[in-house]
Amino acid sequence: DTVPPQVVPGADPSTRQLCFAWGPAEVLVCETLFGRAGGSHSRAGAAAQALTGSVAGTGEGAPSSSRVFVVRRDQDIYIQTLRKLFNESHGIFMGLQRSEEELAGKSRKAQLVQVSKNYRSVIRACMEDMHQAAVSTRDPALQGQYSTQVSILSAMELIWNLCEILFVEAAVAGPLLLRLLDWVRLHVCDVDSMVREVLSSESPSKHKLFWNVVDVFVLQGRMDEARHLLSKEASANPTSMNMYKILDDLMKKMPVPGLGNTQTLTELELKWQHWHEECQRYLQDGTFASNPHMESICKILLGDEDAILEKKELMTTWYHFLVTRLLYSHPTVKPLELRFYAQSSMDLFLGGESSPEPLDMILMAAFEFEMHQVIKECSIVLSNWWFVAHLTDLLDHCKLLQSHNLYFGSNMREFLLLEYASGLFSHHSLWQLGVDYFDHCPEYGRVYLELHIERIPLSTEQKALKVLRICEQRQMHEQVRSICKIMAMKALRNNRLGSALSWSIRAKDAAFATLISDRFLKDYCERGCFSDLDLIDNLGPSMLLSDRLTFLGKYREFHRLYGEKRFPEAARLLLTLMTAHIAPCSFWMTLLTDALPLLEQKEVIFSAEQTYELMRCLEDLTAGNPDKQKFQDDDVETTKVEMLRLALARNLARVIVKEGSVEGS
Amino acid sequence: QDNRISIWSAGDLGNAGLSGDYHGEPHLLCDIQHNGDVMDMQFLDQERIVVASSTGTVTIFRHHQNNQTLSANHRWEKAHYHVDQDTSCGGAACTGVVCNNPEIVTVGEDGRINLFRADQKDAVRTIANADSSTLHAVTFLRTTEILTVNSIGQLKIWDLRQQRNEPSQIFSLAGDRVPLHCVDRHPNQQHIVATGGQDGMLSIWDIRQGTMPVSLLNAHEAEMWEVHFHPSDPDHLFTCSEDGSLWHWDTSANVSEKPSFLHQGGRSTAYLSHSTINQSVVSAWLSNDPTKDRMEITNLIPNQTLSVNSLDVLGPCLVYGTDAEAIYVNRQLFA
């Protein structure tokens, strides 16, 4: 199993040293200087130089800038016209997962067939768009690309259609042939232009390709259309009227399997045998001897392989040959018999001249009912996991894939869905579809989702909100915390404190809320006033998220109360802040200093109890300081402490007197 | 990334068949490249569209109807930006734009409010740091006043005539400060404002009174991205959300009860007492009596999968776009 080597255009190992790093869906290749200049640079340094694109001067040659390449495995997801395919099929996939499992038997099968048809119509719609794009573009390279895509999509639809007939619908002998005929008519369209040409000409029977078109109709089992054309020939050529009548009659009488169960297979077989013998008789009587065209048609009707093979160019493919053969020799073919006919048809058709192509091998595997082989071959040939992932999922819903576990634990369906969804995640917008696919992978889906979702670049807040919502709905708390932290950090760096707080509230991240409050308090200490009052004044219940935040809110409230001259309440609040230990120790000095003007008021505000409390706080603060030496050296600090002690003592004196006299009177 | 501004034709009414339905799909008329995600856009006049970008740029595009092309008419680069020492180009997403020809107001993740005029190169007025959190949406309250909502659950009124950089009024939700994502004003009764929050809750405010919403309606299960009153039929309100649903709120049943003196029974008297407040017909949005509220709420999306990011409504037409990269047009809204 060799993977073809991929060439990164522009990266030349002979001129520059290359290093690489694996990403979730990409490989980063960069040019470095590592190992060049005598290995004196550390690896980190060299890599850093390469990545920042700095000019690198070495002793060896002229300085040049370094480049970084991003190598992506999955190019298909970036094709604009395929986006419709991914989006619509996501909708169908979700519908299938959610559909009623209780429906049993026929109705469930009908439902699954409808899903399959929906997928196919999406492929066809995409093909149309791609075709339009190919026709309207003027860039030949793009045109080539689009045309290739059209043929790939067409092949996908061909394979899917066959799988639908054989596996999903599991057509039985009888209807099987009809479905196969429809399939061939839909997909072998090389002859369509010829048909159109002849039909639209003035006298079709005179057209040189007339008989080719009649043959095409007969080969595809389109009896009515063949008879219609033949009638034109008959009217133009009265001498062959007799022959024409017989042939027309034979073609009209040909027994074909019906869709409804109006006749059993045995009945059909009997009728068919009878008709076959009649045709044989006419041929052997030499009825058509004078007209080689009609004779060859009669031979085809008899299922003569050589006669059919003569019309190789009109059939263009071996599977057309197969179906024609079946139509005229074994119309009641059973599904399990198909493999024999398929193999021999392919051998006869290709005749050793050409070898089968990958598409042929896939179809052969389908005819042989080797589902796993089909999926395996498709995975190898197609460049994108879309097809195999969705087809396998559908087949799994039809309960057709035994859960044969692959050696790393998950089953085939899950493996393919995981691969497909992982590919989607490397796209800046289609990752949202990938989430739903992971949800429906029971074993590893969640783990994959957890790993991928953290790596989505969050360029705007709206995108971050969408990612967060996805994580929250799936109880991925780690990821919620991590993403909110990233967004909050970004906001903090941009000085958007309100946004940062809003993110920490969402994640219920107390630690970050503390960080933000510290920032506010720091700003206050530096500037002497609060920034972003609209935020602090309106914290509401979110204040309770962290102690520091509560302190911030309450401290601001203290300032407000002071501003409104509601001193007793302000005093009480201030004291609570200290005694209830909501305030951080570093802030106690500031709080005590804030108490100073209250102590100095004309009116006594603090009661005796409160003053004792304040004194205790002050002593705690000064006593608790281990480095008494440093404290005493700082003049400002000592002055403050002195002033506080004085004010407290004075207040105590006044309040004792006041309280004593109140009690007295 | 390849983001484009596109103009679509949703079908010509003249081609309506016998039943009056037009079954054609919208088809693309023209498009143009756009730098960054399109965060918000609005028609300035018949030909010009103002677009807000995630790069912080605000652009006016002109739609040339004669040859069906789009061209960029005017651009205000760096309308919104972060002041960051580390990065040189700290663009901040512009989250909302509202127009009242020729004035354009934009708000962004940088908490900035800009007032532009369509013909002037520089901003007429900028309120930097108007908000410490992200401003999610803006709408006009009156010609000189705007409403903004932010990510700490506040609804603010700004008077653009005044020079000070403070809001003239702040409203906030009680309880948790859930971020508000969208805002719209009642087309006729300018005191009625609707906002949608991150928890999917629809709040109706009466800005004449109080600082808290009049009613809170539990709506969606995830962020409500947009809320719109129907411009000509304001008894109808539309909201869309991250949970993939689009709800049609219909209070027209309430208002059809006109006070009638011939009407017997206690019901009409209760209604009349309402009407003694200055208006003859009280808007159903402000009444919060659950026994009388006959609000019909319908989810207009049958199989919801991915988020509905944006909607707009005009006359009988509703258009909305989803994260599944699909646009839906409903041309018979009230059929």
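Listing for the model above:
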item	result
Proxy reagent accessibility, fewest Cβ within 10 Å first, across A:Asp537, B:Asp250	A:Asp537, B:Asp250
10 Å Cβ neighbours from other chains, averaged over peptide B:298-307	3
Rel. contact order, % - alpha carbon contacts under 8 angstrom, at least six apart, chain A	7 percent
5 angstrom amide H check on B:Gly91, placed H, neighbours 5+ away	B:His82
Linear extension gain, A:Glu609 paired with A:Lys485, 0.36 nm per residue minus alpha-carbon span	40.2 nm
Where labels lie 7 Å past Cα in the beta-carbon direction, separation of A:Thr590 and A:Arg67 in nm	5.4 nm
Pair B:Arg208, A:Lys602: separation of 7 Å Cα→Cβ label points (nm)	4.5 nm
Of A:Lys84/A:Lys463; A:Lys311/A:Lys399; A:Lys485/A:Lys640; A:Lys252/A:Lys334; A:Lys602/B:Lys156; A:Lys485/B:Lys156, pairs whose Cα-Cα distance is over 29 Å	A:Lys311/A:Lys399; A:Lys485/A:Lys640; A:Lys602/B:Lys156
Computed label-point distance, nm, for sites A:Cys19 and A:Thr264 using a 7 Å Cα→Cβ extension	7.9 nm
Set of aspartates and glutamates near A:Lys245 by C-alpha distance (under 13 Å), chain-local residues within fewer than 8 positions excluded	A:Glu233
Cα-based helix-to-principal-axis angle, A:371-381 vs chain A, degrees rounded to 10	70 degrees
Nearest 10 degrees, 0 to 90: helix A:386-397 Cα axis against chain A principal axis	80 degrees
Radius 11 Å from Cβ of A:Leu465, net charge of other residues (Lys, Arg +1; Asp, Glu -1)	0
Whichever aspartates and glutamates have a C-alpha closer than 12 Å to that of B:Lys121, once near sequence neighbours (fewer than 8 apart) are set aside	B:Glu77
Amide H contacts under 5 Å for B:Glu226, placed H, 5+ residues apart	B:Cys240
Helix axis angle, A:83-98 relative to chain A longest principal axis, alpha carbon, degrees	90 degrees
Separation of alpha-carbon centers, the stretch A:387-401 and the stretch B:189-253, rounded to whole Å	43 Å
Aspartates and glutamates with Cα under 14 Å of A:Lys232, excluding same-chain neighbours fewer than 8 positions away	A:Glu202, A:Asp224, A:Asp248
Vicinal HN-Hα couplings computed from phi for the stretch B:222-237 (Karplus, 6.51 cos²θ - 1.76 cosθ + 1.60; Hz; Gly/Pro x)	8, 3, 8, 7, 9, 10, 9, 7, 5, x, 9, 9, x, 6, 10, 10
Residue mean of other protein chain beta carbons inside 10 Å, A:461-471	5
Förster radius 60 Å - calculated FRET efficiency between A:Lys106 and A:Ala510, Cβ distance, rounded to 0.05	0.55
Estimated FRET transfer efficiency (B:Ile327, A:Glu277; beta-carbon r; R0 45 Å; 0.05)	0.15
Whether the stretch A:183-333 is rounded, prolate or oblate, judged on the alpha carbon gyration tensor where a/c under 1.5 counts as rounded	oblate
Derived scalar couplings ³J(HN,Hα) [the stretch B:308-319; Karplus, 6.51 cos²θ - 1.76 cosθ + 1.60; whole Hz; x for Gly, Pro]	9, 8, 8, 8, 8, 9, 8, x, x, 9, 10, 10
MRE, 222 nm, helices only [DSSP H, n ≥ 4, -39500 (n - 2.57), over chain A, to nearest 500]	-20500 deg cm²/dmol
Other-chain or far-sequence residues with amide H under 5 Å of B:Gly244's (modelled H)	B:Val308
Inter-chain shielding of B:170-180 (mean C-beta neighbours from other protein chains, 10 Å cut-off)	4
Phi-based couplings in Hz for the stretch A:472-479 (Karplus 6.51, -1.76, 1.60; Gly and Pro marked x)	5, 5, 10, 6, 9, 5, 4, 5
Distance between the stretch A:228-290 and the stretch A:567-603 - C-alpha centres, whole angstrom	110 Å
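Every number in this text was worked out from the coordinates using simple rules, so none of it is lab data. Owing to the predicted nature of the structure, the values given are computational and were not obtained by experimental measurement. Every residue, glycine as well, gets a Cβ built from its backbone with ideal geometry; the counts of neighbours run over all protein chains shown.
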